[in-house]
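Participant: Take a look at this one; I'll ask things after.
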Amino acid sequence: VQLQASGGGLAQAGGSLRLSCAASGRGISSNRMGWYRQVPGKEREFVASMTDRAWRNYADSVKGRFTISRDNARNTVYLQMDSLKVEDTAVYYCNLWTRLAGHYWGQGTQVTVSS
């Protein structure tokens, strides 16, 4: 299974960015896809996830600002990040989870929010 993330980059506080992550490989039907983030010196933290049946879950810190969506036909998940804050700066990792195989991770993409 491979996860290819794209998007991210630099934005000003209050601005927006969009992340995408496409999954490929076998045995990834009935999955949950989402995003985690990590800053140096801290543990990776959950951001948002969405199942293939459209169940969404968000971290409290991003509720109302970030929106997760997905295209099941393309096994692609998106994260629309609005009203960005400086504290959203992190490396964002795409994640795919299946009941049988557990977690898969993408390569990480940097998001930097300037004040």
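Participant: Karplus couplings for the stretch 68-78 from phi (6.51 cos²θ - 1.76 cosθ + 1.60, θ = phi - 60°), rounded to Hz, Gly and Pro as x?
Facilitator: The phi angles translate into 9, 8, 8, 10, 5, 5, 9, 6, 10, 10, 10 Hz.
Participant: Can you tell me which of 101-108, 29-36 comes out highest on packing, and rank the rest after it, using the mean Cβ neighbours within 10 Å?
Facilitator: On the way: 101-108: 14.2, 29-36: 20.4.
Highest to lowest by the protection proxy: 29-36, 101-108.
Participant: DSSP loop chymotrypsin sites (Phe, Trp or Tyr not before Pro) in the stretch 39-75 with at most 16 other Cβ atoms within 10 Å of their Cβ, which ones?
Facilitator: Numbers: sites: 46, 55, 58, 66; in loops: 55.
Sites meeting the loop and neighbour criteria: 55.
Participant: I would also like to ask the following. Looking at the square roots a ≥ b ≥ c of the eigenvalues of the Cα gyration tensor of the stretch 1-60, which shape do they give, rounded for a/c under 1.5, prolate if a/b is larger than b/c, or oblate? Write down the numbers at each step before the final one.
Facilitator: Details: a/c = 1.71, a/b = 1.58, b/c = 1.08.
Note, shape of the stretch 1-60 comes out prolate.
Participant: Residue-wise, which Karplus ³J(HN,Hα) couplings in Hz belong to the stretch 37-48, taking 6.51 cos²θ - 1.76 cosθ + 1.60, θ = phi - 60°, and x for glycine or proline?
Facilitator: 9, 8, 10, x, x, 10, 6, 5, 10, 5, 10, 6
Participant: In the stretch 67-115, which trypsin sites (Lys or Arg not before Pro) are in a loop and have at most 13 other Cβ atoms within 10 Å, using DSSP for the loop call?
Facilitator: Working: sites: 70, 74, 85, 99; in loops: 85, 99.
Counting only loop positions with at most 13 other Cβ atoms within 10 Å, the trypsin sites (Lys or Arg not before Pro) in the stretch 67-115 are 99.
Participant: Under 15 Å from the Cβ of residue 56, count the other residues' Cβ atoms, weight Lys and Arg +1, Asp and Glu -1, and hand me the total. The partial results should precede the final answer.
Facilitator: Working: positive: 32, 53, 63, 65, 70; negative: 52, 60, 71.
After counting each charged neighbour, the total is +2.
Participant: Hey, another quick one. Any idea of the accessible area per residue across the stretch 25-101, 1.4 Å probe, to the nearest Å²?
Facilitator: Numbers: 4450 Å² over 77 residues.
The answer is 58 Å² per residue.
Participant: With the full set of protein chains in place, find how many percent of the accessible area of the chain is carbon and sulfur; take the probe as 1.4 Å.
Facilitator: Of the solvent-accessible surface of the chain, carbon and sulfur hold 46 percent.
The values are calculated or read from the model by the stated rules, or taken from the named source; none is laboratory data. What you are looking at is a predicted structure, and each value in this text was computed from that prediction instead of being measured. Backbone-built Cβ (ideal geometry, glycine too); neighbour counts: all protein chains shown. With ligands, DNA and RNA removed, areas are computed over all heavy atoms of the protein, side chains included. Shrake-Rupley method; radii C 1.70, N 1.55, O 1.52, S 1.80 Å.
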